[in-house]
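Engineer: Attaching a single structure in structure tokens format; questions to follow.
Here, each number is a calculation from the coordinates, and none is a lab measurement. Because the structure is a prediction, the values reported are computed rather than measured. When we count neighbours, we look across all protein chains shown, and the Cβ atoms used for this are built from the backbone with ideal geometry, even at glycine.
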Amino acid sequence: MAQKIFITGASSGIGAALARRYAAQGAVLGLCARRGDALAALATELGTPCRLYPLDVADAAALAAAGADFIARVGAPDVVIANAGVSVGTLTQEAEDLPAFRRVFDTNVFGMVHAFQPFLAAMQEAGRGTLVGIASVAGIRGLPGAGAYSASKAAAIAYLESLRVELRGSGVKVVTLAPGYIATPMTARNPYPMPFLMPVDAAARSMVRAIDCGARFAVMPWPMGIVAGLLKLLPRPVFDALFAHAGRKPRGTL
């Protein structure tokens with residue numbers, strides 16, 4: 001029987017690469033993103049059954065309606081991937097950055113909750129399924145100039161851990177994926193070196209493997225996992241000295 005997969009942020013980057021990989025396996029897909037035209041183009045390329053939901057994950061009601069439609073048409077999903085995310089440089093002292101802080105959290109944290117909530121009751125009733133949250137190694141330590149993004153990904157990591165423990169014994173798994181630098185439109189704007197930059201198709205392959213084996217937490221590529229582990233152990237004074245002058249993502253609007 002074909003897998004039923006629901007993916008947010010599916011119009012480009014990691015989301016589109018995951019959609020292509022699952023389509024190649026014959027999955028039935030539910031794809032959502034803000035850009036309806038890009039979703040339609042992707043669905044044409046995939047050539048597999050797709051339900052398309054052009055929406056903003058910050059809109060809980062829109063995602064609830066999409067979830068209800070997907071369940072009614074194809075049944076409870078086997079995998080829900082909360083991938084939608086935004087990133088922009090932010091500085092707390094700049095008043096004009098306050099909307100960017102809110103937008104980042106609305107998408108990266110609340111958008112994840114909105115993606116899971118419509119499906120959870122049906123998945124628990126079925127006693128199976130996997131909820132997947134795309135976090136980031138940026139959530140392991142706070143990076144300068146990326147207060148909104150780092151904090152949102154740290155919140156996502158903690159939220160996913162809470163959810164995983166809540167659902168223990170229900171048959172529903174929770175997988176946290178924390179990519180490092182992946183070659184996507186999001187990272188293309190970074191004006192600094194990106195160690196272990198990973199092609200998006202290779203990242204999608206690694207992610208599907210982690211999802212299939214029910215990994216609780218996985219970092220890709222694996223060398224970044226080692227770096228992330230070391231960063232977590234660095235004493236705060238050492239971390240501060242090393243990263244005070246690290247490269248920063250440009251500020252802007254979302």
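Engineer: Which of the chymotrypsin sites (Phe, Trp or Tyr not before Pro) found in region 1-101 are in a DSSP loop and have at most 15 neighbouring Cβ atoms, other than their own, within 10 Å? All intermediate terms of the calculation are to be shown ahead of the outcome.
Structural biologist: Details: sites: Phe6, Tyr22, Phe70, Phe101; in loops: none.
The qualifying sites: there are none.
Engineer: Moving on to the next point. Given charges of +1 on the Cβ of Lys and Arg and -1 on the Cβ of Asp and Glu, with all other atoms neutral, how large is the dipole of region 4-243 about its Cα centre, in debye to the nearest 20?
Structural biologist: Charge dipole of region 4-243: 560 debye, to the nearest 20.
Engineer: Under 10 Å, Cα contacts only: if you run a Gaussian network model on the chain, which one of Ser170, Ser12, Ser152 comes out with the highest mean-square fluctuation?
Structural biologist: Ser170
Engineer: Cα centroids of region 149-228 and region 33-96: how far apart, whole angstrom?
Structural biologist: Distance between centres, Cα-based: 18 Å.
Engineer: Under the 0.36 nm per residue contour assumption, what length would be gained going from the current alpha-carbon distance of Glu96 and Arg21 to full extension?
Structural biologist: Once the chain is fully extended between Glu96 and Arg21, it gains 23.1 nm.
Engineer: Residue by residue through region 46-54, which ³J(HN,Hα) values in whole Hz follow from phi under the Karplus form 6.51 cos²θ - 1.76 cosθ + 1.60 (θ = phi - 60°), with glycine and proline marked x?
Structural biologist: Each residue's phi maps through the Karplus curve to give 5, x, 10, x, 9, 9, 9, 10, x Hz.
Engineer: Quick check on the exposure proxy: order Tyr149, Tyr159 from fewest to most C-beta atoms within 10 angstrom.
Structural biologist: The fewest-first ordering by Cβ neighbours comes to Tyr159, Tyr149.
Engineer: Please identify, among Phe110, Phe243, Phe196, the residue showing maximal mean-square fluctuation in a Gaussian network model of the chain using a 10 angstrom Cα cutoff.
Structural biologist: Largest GNM mean-square fluctuation: Phe243.
Engineer: For region 112-119, in order, what is each residue's ³J(HN,Hα) by Karplus, 6.51 cos²θ - 1.76 cosθ + 1.60 with θ = phi - 60°, in whole Hz (x at glycine and Pro)?
Structural biologist: Computed from phi, the couplings for region 112-119 are 5, 4, 4, 6, 7, 4, x, 9 Hz.
Engineer: Another one. Could you list the square roots of 5 times each eigenvalue of the Cα gyration tensor of region 140-254, that is, the equivalent ellipsoid semi-axes, sorted largest first and rounded to whole Å?
Structural biologist: 26, 18, 14
Engineer: Another question about this same structure. Take Gln3 and Cys213, extend 7 Å from each Cα along the Cα→Cβ direction, and tell me the distance between the two endpoints in nm.
Structural biologist: Here the answer is 1.4 nm between the modelled labels.
Engineer: Would you be so kind as to identify which of Val104, Ile157, Phe217 lies farthest towards the positive end of the dipole of region 4-243, taking Lys and Arg as +1 and Asp and Glu as -1 on Cβ and the Cα centre as origin?
Structural biologist: Phe217
Engineer: To continue, here is another question. What nm value, rounded to one decimal, do you get for the distance between Ala40 and Ala183 when each label is placed 7 Å out toward the C-beta?
Structural biologist: 3.0 nm
Engineer: Each residue of region 201-206 in turn: what ³J(HN,Hα) in whole Hz from Karplus with 6.51, -1.76, 1.60 and θ = phi - 60°, glycine and Pro shown as x?
Structural biologist: 5, 5, 5, 4, 4, 5
Engineer: Quick check on packing: order 90-98, 137-145, 47-55, 77-85 by the mean number of other C-beta atoms within 10 Å, highest mean leading.
Structural biologist: The peptides rank, most packed first, as 77-85, 137-145, 47-55, 90-98.
Engineer: Report the full-extension gain for the segment Ala122 to Val238: residue separation times 0.36 nm, less the Cα-Cα distance, to one decimal in nm.
Structural biologist: Extending this stretch completely gives an extra 37.0 nm.
Engineer: Please work out the Kirkwood hydrodynamic radius for region 4-243, using every pair of different C-alpha atoms, and report it in angstroms with one decimal place. Intermediate values should be presented prior to the final figure.
Structural biologist: On the way: mean 1/r = 0.0552 Å⁻¹.
Averaging 1/r across every pair of different Cα atoms and inverting gives 18.1 Å.
Engineer: Counting each DSSP H run of 4 or more residues in the chain as -39500 (n - 2.57), what helix-only mean residue ellipticity at 222 nm follows after dividing by all residues, to the nearest 500 deg cm²/dmol?
Structural biologist: -14500 deg cm²/dmol
Engineer: Lys/Arg Cβ at +1, Asp/Glu Cβ at -1, dipole of the chain taken about the Cα centre: which of Pro193, Ile7, Gly127 is farthest positive-ward?
Structural biologist: Pro193
Engineer: A follow-up question, please. Just to be sure I understand: with springs between alpha-carbon atoms less than 10 Å apart, which residue in Lys173, Lys153, Lys232 has the highest mean-square fluctuation in the Gaussian network model of the chain?
Structural biologist: Looking only at Lys173, Lys153, Lys232, the biggest GNM fluctuation is shown by Lys232.
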